[in-house]
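*Asks:* My questions all concern the structure below.
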Amino acid sequence: MDSLLKLGLLTGLLAVDAVRAEQPSSVEQVRAELDRQLQEMVKSPPAEVRLLFAGLDPSGFRLVEVHFTLDGKPLEVPSVEKLGAPGPHVLTTLQVEDGPHTLVSNVVYMDASWNLFSPTSGLLWNMTSTLNFQTQRGLRVDVKATSVLVPEAKDPRQKVKLSHDVTAEMIAKLEDSMPPEPLPERAPVPDAGVAIAPVPTAPEPTKTPSTPEPPPATTAQPQKAKLLVRATVLRKPVAATLSVRGATSQKVALKRGAKTPTPVEVTPGEYTVDVIAPGFLAQTRRVVLSGGNAQPLEFTLVRAPKKKLVKEKNDRLELLKPLRFPQGKEAPLPGGNVLLEQLVDTLVRSPIQRIRIEGHTDNQEGDESARKQLSEARAKTVAELLVQAGVDPARIETTGLADSRPKAPNITPRGRELNRRVELVILER
């Protein structure tokens, strides 16, 4: 009961201070104190993350490398020999802070059959996948990285795929962590054969009709999050269609010439927001919204060019004006913004779910190891540019192929320039 009285007192203090709009800092202090007191009363354990891995049949595929990074920090996992054995494996379990986290998984497989007549003989599958997820105190999040075969894939390079599966369970139930209520005292049990006379009970007082019963207490509804959205061209609002996807999904029409931003109410969480307007390139953003806050979000639209630089062809996104890379450098030459804007437009408008960015080098950019690292760095640099433009990192994988697949002969400077490139493969629609 003391805990309930304490909780009621703290809630009352928070309600009183919330009325004083001119003192926001005091409200934040009371809310922080309330959170601290609640954590003392409810002994929920810290948030946990358990990472699991399920690989391919070792008789056909040999695991070469595994790397896992959580929030930019490499994780220590069992050896490749152990993880290459059949069955799921628990890599690690660790306590983390509440809130958003990012897991980057990198798995490399090789065809173990070494059949000279197989199109995948000696082929390496270097797969990288990024996952964003949330943790909360009292919950354990299980993240399972799974390597699966895609038998229907026509391209041998797409025969193996890396995916993530996320589940959560409570570590300790809330009621188990609250102090137990005292039990009422019970009368002693009499010895056998002793009769106990019934104790007369007083009649219950009759209720007068003039005294109505109080209404049942209502459960407080969670506060909504709000987006204040505007799409402009030369600072003038234009008509557009807004698509909000996340914990809840909805489409909103933005009006031309609107004097104020368009409000969009959603439940708190992580969202992808796409905007599409006729005659302009589509754009996308990733936002995390908390309850009770109004977050402004403005899109400055760019007119769509007459000539498209990105074209879907079979299972690839063909870049009609490819990015150019200086020799030995991982970043592309300036002037590729137009291509990247059109690439984002394609990813927003099309049903493409996931792509792989393949990096390439010429045959004179260092030794074999250096060319491999440089090609991977080029793919990751382009992926980061797309993420900065708002594309969800979970939709992008990267790999480096060095100079193993030249597009032109390496005997001329022009041929080597054409070979320093990235290519985009459609993995999932």
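The values are calculated or read from the model by the stated rules, or taken from the named source; none is laboratory data. All of these numbers come straight from a predicted model, not from anything done at the bench. Don't worry about glycine lacking a Cβ; one is built from the backbone with ideal geometry, like all the others, and counts go over all protein chains shown. Side chains included, ligands, DNA and RNA excluded: accessible areas come from the protein's heavy atoms. Shrake-Rupley method; radii C 1.70, N 1.55, O 1.52, S 1.80 Å.
For every residue, the table says whether it meets (1) modelled with pLDDT of 95 or more; (2) within 24 Å of Glu365 (Cβ to Cβ); (3) of a type in the set (Gly, Ala, Ser).
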site	(1), (2), (3)
Leu289	no, no, no
Leu297	no, no, no
Lys306	no, no, no
Val310	no, no, no
Arg316	no, yes, no
Leu320	no, no, no
Leu333	no, yes, no
Gly336	no, yes, yes
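*Asks:* Now for a different question. So is Leu333 open to solvent by less than 60 Å² (accessible area, probe 1.4 Å), of a type in the set (A, V, I, L, M, F, W, C) and part of a loop (DSSP other than H, G, I, E, B) or not?
*Replies:* no
*Asks:* For the stretch 362-382, indicate whether the set of residues that are free of Cβ contacts under 8 Å to residues at least 40 places away in the same chain, open to solvent by less than 60 Å² (accessible area, probe 1.4 Å), more than 25 Å from the chain's Cα centre (by Cα) and within 24 Å of Arg286 (Cβ to Cβ) is non-empty.
*Replies:* no
*Asks:* Restricting to the stretch 300-320, count the residues that are more than 16 Å from Ser350 (Cα to Cα) and part of a loop (DSSP other than H, G, I, E, B).
*Replies:* Final tally of qualifying residues: 6.
*Asks:* Residues of the stretch 276-299 being open to solvent by less than 50 Å² (accessible area, probe 1.4 Å), over 20 Å from Leu347 (Cβ atoms) and in a strand (DSSP E or B), which ones?
*Replies:* Within the stretch 276-299, Leu289 is the sole residue that qualifies.
*Asks:* Are any residues in the stretch 242-258 part of a strand (DSSP E or B) and open to solvent by 70 Å² or more (accessible area, probe 1.4 Å), and if so, which ones? Step through it out loud before you land on a result.
*Replies:* Restricting attention to the stretch 242-258, the residues satisfying the condition of being part of a strand (DSSP E or B) are 242-245, 250-254.
Answer for the stretch 242-258, where residues must be part of a strand (DSSP E or B) and open to solvent by 70 Å² or more (accessible area, probe 1.4 Å): Arg245, Lys251, Ala253.
*Asks:* Same structure, new question: Got a number for residues in the stretch 384-402 being open to solvent by less than 30 Å² (accessible area, probe 1.4 Å) and part of a helix (DSSP H, G or I)?
*Replies:* Number of matching residues: 2.
*Asks:* Out of the residues in the stretch 259-275 that are modelled with pLDDT of 90 or more and in a loop (DSSP other than H, G, I, E, B), state the one that is most open to solvent (accessible area, probe 1.4 Å).
*Replies:* Ranking the qualifying residues of the stretch 259-275, first place goes to Thr260.
Listed here are the residues, each with its yes/no results for (1) at pLDDT 85 or above; (2) open to solvent by 50 Å² or more (accessible area, probe 1.4 Å); (3) closer than 25 Å to Ile396 by Cα; (4) part of a strand (DSSP E or B).
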| position | (1), (2), (3), (4) |
| --- | --- |
| Glu48 | yes, no, no, yes |
| Phe68 | yes, no, yes, yes |
| Tyr109 | no, no, yes, yes |
| Leu116 | no, yes, no, no |
| Thr128 | yes, no, yes, yes |
| Asn132 | no, no, yes, yes |
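*Asks:* Quick one: which residue in Leu343, Leu386, Leu339 is of a type outside the set (S, T, N, Q), touching a residue at least 12 places away in the same chain (Cβ under 8 Å) and within 18 Å of Thr128 (Cβ to Cβ)? Break it down stepwise before answering.
*Replies:* Details: Leu343 fails: within 18 Å of Thr128 (Cβ to Cβ); Leu339 fails: within 18 Å of Thr128 (Cβ to Cβ).
None of the others qualify; the one that does is Leu386.
*Asks:* Within the stretch 134-165, can you find the residues that are polar (S, T, N, Q) and open to solvent by 20 Å² or more (accessible area, probe 1.4 Å)?
*Replies:* From the stretch 134-165, those polar (S, T, N, Q) are 134-136, 146-147, 158, 163; that's our starting set.
Matches in the stretch 134-165: Gln134, Gln136, Thr146, Gln158, Ser163.
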